[in-house]
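Below: the structure, in structure tokens.
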Amino acid sequence: MPVHVSIHDVSPAWEAEVDLALQACAAVGIKPGLLVIPNYHGAWPLDEHPAYAARLRGWQAAGHEIFLHGYYHLADAGPRSPSTTGNAAPRGLRRLWAQKVVSGGEAEFSDVDEAEARRRLDDGEAVLRRAGLQQLDGFIAPAWSMPPWMFALLRERGYRYTEDHLHVYDPKAGARRTSVVLNYASRTPARLWSSLLYCRLARPARRLWPARVAIHPADMRHAVLRREIDGLLRWAVGDAVVPARALVEA
């Protein structure tokens, strides 16, 4: 089955780590998709980093896909719009799961209502246009967490690709396919070693479903994860595909 490789959290905040991930991919001839954050944690606005915007343009010109990856990549960041629809932000156990279990408070689009989601999509798309990026190849929510009503918003905007923990989607076509995602977590030693074990055990699932390899910049700060990623990329190289939506069609 095909495999798609991506680098998450692309931002000037993580420039050195993203470069290391790109080098690892280039070493085996894989061209990863780049998940770009317009204003990482509200402290790294791409508008204020023209040199990095120029690098993004160069990567896109070289054939890397560009995905909008939230706006802040942080819950509780930025102003909130008053809700004008019945699609409100989650509370209680749903919020606890998204912000404390699945992520470390970074499941941005799991934590907004529809009005705020629209605003952040508008603002994020505008930032990437100002950076000179010619097109967006999809939207991927931080921590792969977003409510079901987000699919209608993405379809309205003509997005051809998105994904969550279990599936890949073409919102415009209304298509969905099961997919296994392989990624590491390094917030704590327990998460690091358990995610390493998971990725080793989950590889055979590729016989049944398309796979995704998701590299996070923080992975590159750990020698053991750099070695694991190198092995995972060699495992993927023969079946690596571009564009990502080829996974939906596989």
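The values are calculated or read from the model by the stated rules, or taken from the named source; none is laboratory data. What you are looking at is a predicted structure, and each value in this text was computed from that prediction instead of being measured. Positions of Cβ are backbone-derived with ideal geometry, glycine not excepted, and every protein chain shown enters the neighbour counts. Heads up: the accessible areas ignore ligands, DNA and RNA and are worked out on the full protein's heavy atoms, side chains in. Shrake-Rupley method; radii C 1.70, N 1.55, O 1.52, S 1.80 Å.
Please report, as a whole percent, how much of the solvent-accessible surface of the chain comes from carbon and sulfur atoms (probe radius 1.4 Å).
Values: 5930 of 10950 Å².
Carbon and sulfur atoms account for 54 percent of the accessible area of the chain.
Where the only charges are on Cβ atoms (+1 Lys, Arg; -1 Asp, Glu), what is the dipole of the range 111-167 about its Cα centre, to the nearest 20 debye?
Working: 8 positive and 11 negative charges, 58 e Å.
Roughly 280 debye, rounded to the nearest 20.
Per residue, how much accessible area does the chain show when a 1.4 Å probe rolls over the protein heavy atoms, in square angstrom?
Values: 10950 Å² over 250 residues.
Each residue of the chain exposes 44 Å² on average to a 1.4 Å probe.
Which value in Å does the Kirkwood hydrodynamic radius of the range 187-250 take, with 1/r averaged over all unlike C-alpha pairs and then inverted?
Details: mean 1/r = 0.0771 Å⁻¹.
After inverting the pairwise mean of 1/r, the radius is 13.0 Å.
Pull up the DSSP beta bridges for the chain and report the antiparallel fraction as a percent, rounded to 5.
Values: 8 of 26 bridges.
So the antiparallel bridges amount to about 30 percent of the total.
Output ³J(HN,Hα) for the range 32-48: one whole-Hz value per residue in order, computed from phi by the Karplus curve 6.51 cos²θ - 1.76 cosθ + 1.60 with θ = phi - 60°, and x for Gly and Pro.
x, x, 10, 9, 9, 9, x, 8, 4, 6, x, 10, 10, x, 4, 4, 9
Plugging the Kirkwood radius over Cα pairs into Stokes-Einstein for the range 113-250, at a temperature of 25 °C and a viscosity of 0.890 mPa s, what D comes out in µm²/s?
148
Amide H neighbours of VAL213 under 5 Å, at least 5 residues apart or on other chains, H built in the peptide plane: list them.
Here HIS4, VAL5, SER6, LEU182 satisfy the definition.
Report the local net charge at ARG160: Lys and Arg +1, Asp and Glu -1, summed over other residues whose C-beta lies under 15 Å from its C-beta.
Overall, the nearby charge balance is -1.
Search the structure for amide H atoms under 5 Å from the amide H of ASP9, placed 1.01 Å from N in the peptide plane, and list their residues when 5 or more places away or on another chain.
Correct list: LEU35.
In whole Hz and in residue order, list the ³J(HN,Hα) couplings for the range 151-156 that follow from phi through the Karplus curve 6.51 cos²θ - 1.76 cosθ + 1.60, θ = phi - 60°; x for Gly and Pro.
Couplings: 4, 5, 5, 5, 5, 4 Hz.
Which of the chymotrypsin sites (Phe, Trp or Tyr not before Pro) across the range 102-169 are loop residues per DSSP, with 16 or fewer other Cβ within 10 Å? Display every interim value, and only then the final one.
Numbers: sites: PHE109, PHE139, TRP144, TRP149, PHE151, TYR159, TYR161, TYR169; in loops: TRP149, TYR159, TYR161.
When the chymotrypsin sites (Phe, Trp or Tyr not before Pro) of the range 102-169 are filtered for loop state and at most 16 Cβ neighbours within 10 Å, TRP149 remain.
If you take every DSSP beta bridge fully contained in the range 112-250, what fraction is antiparallel? Give it as a percent rounded to 5. Each step should come with its number before you reach the end.
Details: 6 of 10 bridges.
Antiparallel bridges: around 60 percent, rounded to the nearest 5.
By how many degrees, between 0 and 90 and to the nearest 10, does the Cα long axis of helix 15-27 differ from the longest principal axis of the chain?
Taking Cα atoms only, the helix is inclined about 40 degrees.
Using just the C-alpha positions of the range 114-158 as equal point scatterers, what log10 of I(q)/I(0) does the Debye formula give at each q in 0.15, 0.19, 0.25, 0.30 1/Å?
-0.39, -0.63, -1.05, -1.31
Using mean Cβ contacts within 10 Å as the protection proxy, how do 120-127, 185-192 order, highest first?
120-127, 185-192
Which shape class, rounded, prolate or oblate, goes with the chain when its Cα gyration tensor gives a ≥ b ≥ c as root eigenvalues, a/c under 1.5 marks rounded, and past that a/b bigger than b/c marks prolate? Walk me through the numbers before you get to the answer.
Details: a/c = 1.36, a/b = 1.25, b/c = 1.09.
Taking the square roots of the gyration eigenvalues as a ≥ b ≥ c, the chain is rounded.
So what's the angle, to the nearest 10 degrees on a 0 to 90 scale, between helix 223-236 and the longest Cα principal axis of the chain?
That helix lies at roughly 80 degrees to the long axis.
Over the residues of the range 1-80, compute the C-alpha Rg and express it relative to 2.2 N^0.38 Å. Mind showing how you got there, number by number?
Details: Rg = 13.2 Å, N = 80, 2.2 N^0.38 = 11.6 Å.
So the Cα radius of gyration is 1.14 times the expected 2.2 N^0.38 Å.
Ranked from the most accessible area to the least, with a 1.4 Å probe and all protein chains present, what is the order of ARG118, ARG155, ARG129? Numbers along the way, then the final one.
Working: ARG118 75, ARG155 120, ARG129 150 Å².
Sorted by accessible area, descending: ARG129, ARG155, ARG118.
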